[in-house]
Amino acid sequence: MPEPLLEINNLTLDYNLGDRKMRALDRINFSLGKGEVMGVAGESGCGKSTLALAILRLLPRVAEIKRGEVMFNGRNLLTLTEKEMEHEIRGQKITMIFQNPQNALNPVFKIGTQMTDILRVQDKYQSGGARKKNQDFKQQAIERLKLTGIADPEARISNYPFEFSGGMKQRVMIGMALSSGTSLLLADEATTALDVTIEAQINRLIKELAAKYGTSVLYVTHNLGVLAEMADRIMIMYAGRIFEMGKTDTVFAAPRHPYSAALLESLPSRQVRGRRLLAIPGFVPPLDRLPSGCSFHPRCAFAKDICRKEVPPLIEVDEGHWSACLLDQKRGRKKWQWI
Amino acid sequence: MAVDLIEIRNLKTHFYQGKGLLSKLFGEGLKTVHAVDGVSLAIKKGRTFGLVGESGCGKSTLGNSIFRLVEPIEGEILYKGHDVLKMDQKELREFRQQAQIIFQDQFGCLNPRMTVGQIIAEPLLMREGADISQEKLGHEVVELLRAVNLDPDASVKFPNEFSGGQARRIGVARAIALQPQFIMADEPTSGLDISTAATILNLMQDLQDEMGITYLWVSHNLNQVKYMSDDMAVMYLGKVVEKGQTKDVFSQMAHPYTKALISAVPKMDVDKRKKTILLEGEMPSPINPPSGCYFRTRCPHVYQRCKEEEPPLVDLGGGHFCACHLHSN
């Protein structure tokens, strides 16, 4: 286990919508090592994006962190002032790339202008006053573009975002996000909008640059296949909780939680032509009306009485392999064959 | 051997881009987008034909051309032997009753101001005219909702009251309302969660088993096409580069583009994980396609001949075709 960079302890977060209280994150505990790639998977509404945004404290006003800590390099990010977050953390030590690079770039400014703006801000807070010339920033921007594999960066830097394809825009975002100063990259569905061949290019780039700078990555996606290739470890989330966490290959080969097993069985890539896919019965419950006990029990084919009564804790069931299923923990059931 | 329901011969659909009125009037400076550029393929009755390729390869344009939602400039589309492109309005109307589309945007294709019952009843009203009794109509709507595993109460609700997966089911219910022979499904699970996507795939397979519907399955998801389709074609820049039975294309992929595309799909199982073939750059613009083979600008095996000659689609045996000079001798 590498030295931890990010440690999340007991993080619990509510969205307060009028009289409805939605618990979007419930007792999230995990740590991310230096240089490690951690995958976060789960269906829409499971809280995976909220988790990424909570780390950067970029949540909407209705969100309220009830308790917990986000320890980053030994400092609790939740207790920093807004100014400290802005000057030292966001866009400096922790950066984020989003699903739609189109929305992250301003359409009326040139790519070069937007990149040098970022560099200037980063420089201002990092170097503390030693003034650089515009030309230096421009050169630096060109180097970043080159690093991300964009051909002819000297000319491309004067282009506008609409002149770039989706894949190239995502390269620009990665170029802005990953540099020697960044120690944590949050990628939220960063390649979901791209074609498979471009997706493979971008994921390769993230992996290479992260390895080069020793950056840790929290890679949020619903695509389990991408995580199989990208992530060292993976966590599966459901209704605001972590259901399972462990080495990617171990979790995929022998999931300890029935929900993870179900997700894997519903993938067409794992099924032969003509055989039915697993469709998990029912729906993801609304976060303000979670079922009692294990929140997955109404949909779980294996549920017993105990699952309705007790909330399963996330326990280390094997070395480095965590799971939150009472049947596993108390009855010793380890295999889940849905169909 | 199944018979062909739809046969497409040398289909070309081009779009024109001009700078302004003058170029439109005189045809000067007009750019031609070769969206579909000489495609031939046959869709067999009762089976599923998968059409794959990256964004901008022309797969959706090809699908839309079959319904004449865009007008092709050349070629033939034979539906049970009749050329769709030569049909008059009346014939086209009949054809469009037998051929339906499930659209990619599950909410965009449902009128937000109509109830689900009205949406599903609309094709029935179009066919029957005003003669159909309300009672019979209501009965049919309930049957259709049941067929796609939706609650009959859904008919009085509006589309915004449904989740993405349910909205997709409404689209499916409308598509099967007239008992069509052929359905084009354009990215039918895009934007859906894993387990929701699985329910849609199961549903579509059940409907095919019960009603014998032929599918044209347009998708960029190769795992899904492998799982769903019997035959498939891979498109690149408006052309078919490889086609054949799905099992042959996956087990004996011949075209370098197919190989790269399939290798780029992330693999779940460690032992199946081979080296991903990373393609350089992106697809060229269909306004100015490269000379010779369209794929040569990104192909790892490119040689002189690829620049000069366009590779023909060659039969590799058993109806497996590939357009690449590596296989054309």
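Tell me, which residue of region B:235-257 that is outside any loop (DSSP other than H, G, I, E, B), under 18 Å from B:GLY292 (Cα atoms) and touching a strand residue (DSSP E or B) at 6+ places or on another chain (Cβ under 6 Å) is nearest to the other protein chains (Cβ to nearest Cβ)? Explain how you work it out, then say what you get.
Taking region B:235-257 as the starting set, the residues that turn out to be outside any loop (DSSP other than H, G, I, E, B) are B:235-236, B:239-251, B:256-257.
Remaining after also requiring under 18 Å from B:GLY292 (Cα atoms): B:235-236, B:239-242, B:256-257.
Now restrict to residues that are touching a strand residue (DSSP E or B) at 6+ places or on another chain (Cβ under 6 Å): B:239-242, B:257.
Values: B:LYS239: 17, B:VAL240: 18, B:VAL241: 13, B:GLU242: 15, B:TYR257: 9 Å.
This residue is B:TYR257.
Checking A:TRP322 against (1) assigned to a helix (DSSP H, G or I); (2) under 22 Å from the mean Cα position of the chain (by Cα), which single condition isn't satisfied?
It is condition (1) that A:TRP322 fails.
Could you run through region A:175-203 and say how many residues are touching a residue at least 60 places away in the same chain (Cβ under 8 Å) and more than 18 Å from A:GLU36 (Cβ to Cβ)? Reasoning before the result, please.
So the first thing to find is which residues in region A:175-203 are touching a residue at least 60 places away in the same chain (Cβ under 8 Å), and the list is A:175-178, A:181-190, A:192-193.
Of the ones still in play, those that are also more than 18 Å from A:GLU36 (Cβ to Cβ) are A:175-176, A:181, A:189, A:192-193.
Summing the residues that are touching a residue at least 60 places away in the same chain (Cβ under 8 Å) and more than 18 Å from A:GLU36 (Cβ to Cβ) in region A:175-203 gives 6.
Could you list, ordered by first residue, the pairs with Cβ atoms under 7 Å in which the first is in region A:272-288 and closer than 20 Å to A:SER260 by Cβ and the second is among the β-branched types (Val, Ile, Thr) and not in a loop (DSSP other than H, G, I, E, B), at least 6 apart or interchain?
Pairs found: A:ALA279/B:THR199.
Is one or more of the residues making up region B:309-325 assigned to a helix (DSSP H, G or I) and either more than 19 Å from B:LEU237 (Cα to Cα) or not small (Gly, Ala, Ser) (or both)?
Going residue by residue through region B:309-325, those that are assigned to a helix (DSSP H, G or I) are B:325.
The next check asks that each one be either more than 19 Å from B:LEU237 (Cα to Cα) or not small (Gly, Ala, Ser) (or both); those that pass are B:325.
Yes, the conditions are met somewhere in region B:309-325.
Go through A:THR197, A:THR248 for me and flag whichever is in contact with a strand residue (DSSP E or B) (Cβ under 8 Å, 6 or more places away or on another chain), β-branched (Val, Ile, Thr) and buried (at least 21 other Cβ atoms within 10 Å of the Cβ). Explain how you work it out, then say what you get.
Details: A:THR197 fails: in contact with a strand residue (DSSP E or B) (Cβ under 8 Å, 6 or more places away or on another chain).
One residue alone meets the criteria, A:THR248.
Residue pairs, Cβ under 7 Å, 6 or more apart or interchain, first in region A:53-79 and surrounded by 15 or more Cβ atoms within 10 Å (Cβ to Cβ), second assigned to a loop (DSSP other than H, G, I, E, B) and modelled with pLDDT under 95. List them.
The qualifying pairs are A:LEU53/A:LEU59; A:LEU77/A:ARG57.
In this structure, is A:SER216 over 20 Å from A:ALA187 (Cβ atoms) and either within 12 Å of chain B (Cβ to nearest Cβ) or under 18 Å from the mean Cα position of the chain (by Cα) (or both)?
Details: over 20 Å from A:ALA187 (Cβ atoms): no; either within 12 Å of chain B (Cβ to nearest Cβ) or under 18 Å from the mean Cα position of the chain (by Cα) (or both): yes.
When the stated conditions are applied, A:SER216 does not pass them.
Kindly check whether there is at least one residue in region B:275-295 that is at the interface with chain A (Cβ under 8 Å from one of its Cβ atoms), touching a residue at least 24 places away in the same chain (Cβ under 8 Å), surrounded by fewer than 23 Cβ atoms within 10 Å (Cβ to Cβ) and not hydrophobic (A, V, I, L, M, F, W, C).
Taking region B:275-295 and keeping what is at the interface with chain A (Cβ under 8 Å from one of its Cβ atoms), we get B:276, B:278-279, B:281-282.
Remaining after also requiring touching a residue at least 24 places away in the same chain (Cβ under 8 Å): none.
No, region B:275-295 contains no residue that is at the interface with chain A (Cβ under 8 Å from one of its Cβ atoms), touching a residue at least 24 places away in the same chain (Cβ under 8 Å), surrounded by fewer than 23 Cβ atoms within 10 Å (Cβ to Cβ) and not hydrophobic (A, V, I, L, M, F, W, C).
For region A:264-291, give me each residue that is at the interface with another protein chain (Cβ under 7 Å from one of its Cβ atoms) and either under 14 Å from B:ILE200 (Cα atoms) or not in a loop (DSSP other than H, G, I, E, B) (or both). It would help to see each step written out before you state the result.
Keep residues of region A:264-291 that are at the interface with another protein chain (Cβ under 7 Å from one of its Cβ atoms), which gives A:266-271, A:273, A:276-280.
Selection gives A:SER266, A:LEU267, A:PRO268, A:SER269, A:ARG270, A:ARG276, A:LEU277, A:LEU278, A:ALA279, A:ILE280.
Select, from B:ARG174, B:ARG169, B:ARG146, B:ARG113, the only residue that is more than 25 Å from the chain's Cα centre (by Cα) and under 29 Å from B:VAL225 (Cα atoms). First the steps, then the outcome.
Working: B:ARG174 fails: more than 25 Å from the chain's Cα centre (by Cα); B:ARG169 fails: more than 25 Å from the chain's Cα centre (by Cα); B:ARG113 fails: under 29 Å from B:VAL225 (Cα atoms).
The unique qualifying residue is B:ARG146.
Mind telling me which of the residues A:ARG289, A:ARG331, A:ARG273 ends up being within 23 Å of B:LYS226 (Cα to Cα) and surrounded by fewer than 20 Cβ atoms within 10 Å (Cβ to Cβ)?
Values: A:ARG289 fails: within 23 Å of B:LYS226 (Cα to Cα); A:ARG331 fails: within 23 Å of B:LYS226 (Cα to Cα).
Step by step, each of A:ARG289, A:ARG331, A:ARG273 is checked, and only A:ARG273 is within 23 Å of B:LYS226 (Cα to Cα) and surrounded by fewer than 20 Cβ atoms within 10 Å (Cβ to Cβ).
List the pairs whose first member sits in region B:188-209 and is without any contact (Cβ under 8 Å) to a residue 24 or more places away in the chain and at the interface with another protein chain (Cβ under 8 Å from one of its Cβ atoms), whose second member is surrounded by fewer than 19 Cβ atoms within 10 Å (Cβ to Cβ) and in a loop (DSSP other than H, G, I, E, B), and whose Cβ atoms are under 7 Å apart, counting only residues at least 6 apart or on separate chains?
Matching pairs, first to second residue: B:ASN202/A:ARG276.
Answer yes or no: is there a residue in region B:141-161 that is among the charged types (D, E, K, R) and in a loop (DSSP other than H, G, I, E, B).
Narrowing region B:141-161 to residues among the charged types (D, E, K, R): B:143, B:146, B:151, B:153, B:157, B:161.
Then keep just the ones that are in a loop (DSSP other than H, G, I, E, B); that gives B:151, B:157.
Checked against the condition, which is being among the charged types (D, E, K, R) and in a loop (DSSP other than H, G, I, E, B), region B:141-161 yields at least one hit.
Given the options A:ILE242, A:ILE306, A:ILE280, name the one that is surrounded by fewer than 17 Cβ atoms within 10 Å (Cβ to Cβ) and either of a type in the set (Val, Ile, Thr) or at pLDDT 95 or above (or both).
It is A:ILE306.
So, in region B:281-329, of the ones that are of a type in the set (D, E, K, R) and in contact with a helix residue (DSSP H, G or I) (Cβ under 9 Å, 6 or more places away or on another chain), which residue ends up nearest to A:ARG171 (Cα to Cα)? Show your work before the answer.
Of the residues in region B:281-329, the ones of a type in the set (D, E, K, R) are B:282, B:296, B:298, B:305, B:307-310, B:315.
Of the ones still in play, those that are also in contact with a helix residue (DSSP H, G or I) (Cβ under 9 Å, 6 or more places away or on another chain) are B:282, B:296, B:298, B:305, B:309.
Values: B:GLU282: 13, B:ARG296: 24, B:ARG298: 19, B:ARG305: 33, B:GLU309: 34 Å.
By that ranking, first place goes to B:GLU282.
A:ASP188: within 27 Å of B:ASN221 (Cα to Cα), more than 14 Å from every other protein chain (Cβ to nearest Cβ), of a type outside the set (A, V, I, L, M) and surrounded by fewer than 22 Cβ atoms within 10 Å (Cβ to Cβ), yes or no?
Details: within 27 Å of B:ASN221 (Cα to Cα): yes; more than 14 Å from every other protein chain (Cβ to nearest Cβ): yes; of a type outside the set (A, V, I, L, M): yes; surrounded by fewer than 22 Cβ atoms within 10 Å (Cβ to Cβ): yes.
It is true that A:ASP188 is within 27 Å of B:ASN221 (Cα to Cα), more than 14 Å from every other protein chain (Cβ to nearest Cβ), of a type outside the set (A, V, I, L, M) and surrounded by fewer than 22 Cβ atoms within 10 Å (Cβ to Cβ).
Can you tell me which residue in region B:46-94 is surrounded by the most Cβ atoms within 10 Å (Cβ to Cβ), limited to those that are assigned to a loop (DSSP other than H, G, I, E, B) and among the hydrophobic types (A, V, I, L, M, F, W, C)?
Filtering region B:46-94 down to residues assigned to a loop (DSSP other than H, G, I, E, B) leaves B:46-47, B:53-58, B:67-73, B:80-81, B:87-88.
Among the residues that remain, those that are also among the hydrophobic types (A, V, I, L, M, F, W, C) are: B:57, B:67, B:69-70, B:73, B:87.
Values: B:CYS57: 27, B:PHE67: 17, B:LEU69: 12, B:VAL70: 17, B:ILE73: 13, B:MET87: 17.
Step by step, filter region B:46-94, then rank; the result is B:CYS57.
Tell me, yes or no, whether region A:252-263 has at least one residue that is part of a helix (DSSP H, G or I), more than 27 Å from the chain's Cα centre (by Cα) and free of Cβ contacts under 8 Å to residues at least 24 places away in the same chain. Quick ask: steps written out before the conclusion?
The initial filter retains those residues of region A:252-263 that are part of a helix (DSSP H, G or I), namely A:252-253, A:258-263.
Now narrow it down to the ones that are more than 27 Å from the chain's Cα centre (by Cα): none.
No.
When the residues of region B:258-273 are filtered to those that are modelled with pLDDT of 75 or more and in a helix (DSSP H, G or I), which remaining residue is nearest to the other protein chains (Cβ to nearest Cβ)?
Taking region B:258-273 as the starting set, the residues that turn out to be modelled with pLDDT of 75 or more are B:258-268.
Checking the rest, the ones that are also in a helix (DSSP H, G or I) come to B:258-264.
Numbers: B:THR258: 11, B:LYS259: 11, B:ALA260: 6, B:LEU261: 6, B:ILE262: 9, B:SER263: 8, B:ALA264: 4 Å.
Restricting to residues being modelled with pLDDT of 75 or more and in a helix (DSSP H, G or I), the top hit is B:ALA264.
Has region B:224-238 got at least one residue that is touching a residue at least 24 places away in the same chain (Cβ under 8 Å), within 16 Å of B:HIS301 (Cβ to Cβ) and not polar (S, T, N, Q)? Working first, answer last.
Within region B:224-238, the first condition is being touching a residue at least 24 places away in the same chain (Cβ under 8 Å), and the residues that meet it are B:224-238.
Checking which are within 16 Å of B:HIS301 (Cβ to Cβ) leaves us with B:236.
Imposing the further condition that a residue be not polar (S, T, N, Q) reduces the set to B:236.
Yes; the residues of region B:224-238 include at least one that is touching a residue at least 24 places away in the same chain (Cβ under 8 Å), within 16 Å of B:HIS301 (Cβ to Cβ) and not polar (S, T, N, Q).
Quick one: which residue in A:GLN102, A:GLN92, A:GLN139 is closer than 20 Å to A:TYR213 by Cα, touching a residue at least 24 places away in the same chain (Cβ under 8 Å) and not basic (Lys, Arg)? Walk me through it before giving the result.
Numbers: A:GLN102 fails: closer than 20 Å to A:TYR213 by Cα; A:GLN139 fails: touching a residue at least 24 places away in the same chain (Cβ under 8 Å).
Selected residue: A:GLN92, the only one of A:GLN102, A:GLN92, A:GLN139 that is closer than 20 Å to A:TYR213 by Cα, touching a residue at least 24 places away in the same chain (Cβ under 8 Å) and not basic (Lys, Arg).
With of a type in the set (Ser, Thr, Tyr) and farther than 26 Å from A:TYR238 by Cβ as the only criterion, which of A:SER216, A:SER183 stands out? Show your work before the answer.
Details: A:SER216 fails: farther than 26 Å from A:TYR238 by Cβ.
Answer to the selection: A:SER183.
Among the listed residues A:ALA177, A:ALA211, which satisfies the condition of being crowded, with 19+ Cβ neighbours inside 10 Å and more than 14 Å from every other protein chain (Cβ to nearest Cβ)? If you could, list the steps in order and put the result at the bottom.
On the way: A:ALA211 fails: crowded, with 19+ Cβ neighbours inside 10 Å.
On inspection, the qualifying residue turns out to be A:ALA177.
Those residues that are assigned to a helix (DSSP H, G or I) and surrounded by fewer than 23 Cβ atoms within 10 Å (Cβ to Cβ), I need them from region A:26-49; list them, please.
Taking region A:26-49 and keeping what is assigned to a helix (DSSP H, G or I), we get A:48-49.
Matches in region A:26-49: A:SER49 only.
Scan region B:299-316 and give yes if some residue there is in contact with a Gly (Cβ under 9 Å, 6 or more places away or on another chain) and within 14 Å of chain A (Cβ to nearest Cβ), otherwise no.
No, because not a single residue in region B:299-316 is in contact with a Gly (Cβ under 9 Å, 6 or more places away or on another chain) and within 14 Å of chain A (Cβ to nearest Cβ).
Please go through (1) within 12 Å of chain A (Cβ to nearest Cβ); (2) modelled with pLDDT of 90 or more; (3) crowded, with 24+ Cβ neighbours inside 10 Å for B:GLY171 and return the number of the only condition it doesn't satisfy.
The number of the failed condition is (1).
Within region B:122-133, does at least one residue satisfy the condition of being among the aliphatic types (A, V, I, L, M), more than 24 Å from the chain's Cα centre (by Cα) and either closer than 18 Å to B:MET211 by Cα or not in a helix (DSSP H, G or I) (or both)? Let's see the steps before the verdict.
Taking region B:122-133 first, the residues among the aliphatic types (A, V, I, L, M) are B:124-126, B:130, B:132.
When the remaining residues are screened for being more than 24 Å from the chain's Cα centre (by Cα), the result is B:124-126, B:130, B:132.
From what is left, the residues that are either closer than 18 Å to B:MET211 by Cα or not in a helix (DSSP H, G or I) (or both) are B:124, B:132.
Taking every residue of region B:122-133 in turn, at least one turns out to be among the aliphatic types (A, V, I, L, M), more than 24 Å from the chain's Cα centre (by Cα) and either closer than 18 Å to B:MET211 by Cα or not in a helix (DSSP H, G or I) (or both).
The values are calculated or read from the model by the stated rules, or taken from the named source; none is laboratory data. All values reported here derive from a predicted model rather than from experimental measurement. So basically every Cβ, Gly included, is an ideal-geometry build from the backbone, and we count neighbours across all protein chains shown.
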